[in-house]
Amino acid sequence: MDAHPLNFIVIFFQDMTVLSAVWVSSLFLGVLSSVTMVILVIARAIRNKRDDKLQVHLKALRLRILQFMESNSDLETLQQNFKDENTEHIREMVMQLLGSIKGESRDLLIALLWGIGVRDQALTRLKKGTNIDKLQSIEVLALFTDAPALAALHGAMDDENPNIRLMAAEALAENDPELSVVELVDKLDIGGAVRSRMLREIFLKVGQNHVQDLVDLLEGVAIEDIAVLSLYAIGRVQDYSVVPAVIKQASSKHLNVRAEAMRALMMIGHPKAMPAVLNALEDLEWQVRAQAAICAGVIGFKEAISPLTKLLNDKEWWARFRAAEALVKLGDDGIKALEDVSAGDGRSAQIAQLVLSERRVA
């Protein structure tokens, strides 16, 4: 009687050794690995081919954009020429070109973004997009000064992401003269980014149109970071009417505020600053003493020669060095004081000798 086929299968598995099980498993894994590798190679080849095709297309697109810039085409022709293109590709390419193009060519590129709807897309994505979408949208909207664009940027200053608020403020500082420093203080995370060069420049651009607001901030708040930013902007606006407000900050309880006040007085260069500068040369903090020395030298306060000479013996090297530099800037009388000290010994003589030798080499 013939055995049932199932009996052979049962016998096979009963007789299978551990070694044969391992062999079968290894074979299966080897086949699986080979199949996976083939799939990955095919996928990579397809991706590379697609990428190569995209690069060729982008190169041709760039050429078309450059040709458009030379053609002086009207807006309707522009829209027809690029209506079937991927607007994201055009946006990226135009933003790259804008960094190196000025004048009428730049205006044409901005018109291109408007004409194919990139500006309108930015308005929408700024409200509903991801953080990356919003940052890219701000970059686009910074090119436009129409009311909807400005309104959208003002709205972005309420975003929960501080980087988005900061970028929106930068765009508005360039395009909206009505942007106030009060709004900057209200909307931006100033305490967390006061050392940011970007934030300082935003304050400067906005403060140029709102000097009195900067003064009001100095006199109305006791927040260190806001005072530092206000003084930075005030010093570079160089309005003599703000000198009294800056002098008040020279006696602030905050080290950074006092030092920034000295920088602001140096930038403004008004003679009324002299008493505050002389007082700062004896400040408890060396950073303020050093900055006051720079200020005295730049403005030319010869009344500071005596305290600067004393400062040559300061315990901090930078304070000594700045004092010596300031004496050189004060002309013959300052140099004479420096030469007299250099004839002695100790750290005063050493710093005097160093700065005098540098002056001779120069």
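No lab work stands behind these numbers, since they all come straight from the coordinates. All values reported here derive from a predicted model rather than from experimental measurement. Note that each Cβ is placed from the backbone with ideal geometry, even for glycine, and that neighbours are counted across all protein chains shown.
Assign one of three labels to the range 238-315, namely rounded, prolate or oblate, based on the Cα gyration tensor with a ≥ b ≥ c the square roots of its eigenvalues; rounded applies when a/c is under 1.5, prolate when it is not and a/b is larger than b/c, and oblate otherwise. Oblate, because a/c is 1.5 or more while a/b does not exceed b/c.
Computed from backbone phi with θ = phi - 60° and the Karplus coefficients 6.51, -1.76 and 1.60, the 3J(HN,Hα) list for the range 98-113 is 4, x, 10, 10, 10, x, 5, 5, 5, 4, 5, 5, 5, 4, 4, 4 Hz; x is used for glycine and proline.
In sequence order, the range 133-150 has phi-based couplings of 4, 5, 5, 5, 5, 4, 4, 6, 5, 5, 7, 10, 10, 6, 4, x, 5, 5 Hz under the Karplus curve 6.51 cos²θ - 1.76 cosθ + 1.60, θ = phi - 60°, and Gly or Pro positions carry x. Contact order for the range 276-362, expressed relative to its length and based on alpha carbon pairs under 8 Å spaced 6+ residues apart, stands at 24 percent. Projected label points at residue 26 and residue 272, each 7 Å from Cα along the beta carbon direction, are separated by 9.3 nanometres. Taking other C-beta atoms within 10 Å as the exposure proxy, 138, 132, 299 rank 132, 299, 138 from fewest upward.
Taking other residues whose beta carbon is less than 9 angstrom from the beta carbon of residue 313, and scoring Lys, Arg as +1 and Asp, Glu as -1, yields +3.
Here the Karplus relation 6.51 cos²θ - 1.76 cosθ + 1.60, evaluated at θ = phi - 60°, turns the backbone of the range 305-321 into coupling constants of 4, 5, x, 5, 4, 5, 5, 4, 9, 4, 5, 9, 4, 5, 5, 4, 5 Hz, with x for every Gly and Pro.
One decimal place: the segment residue 161-residue 124 gains 11.6 nm when fully extended, by the rule 0.36 nm per residue minus the C-alpha distance. Step through the table entries 128/205; 127/187; 302/329; 310/336, compare each Cα-Cα distance with 19 Å, and write down the pairs that go over it. Going by Cα-Cα distance, 128/205 fall outside the 19 Å limit.
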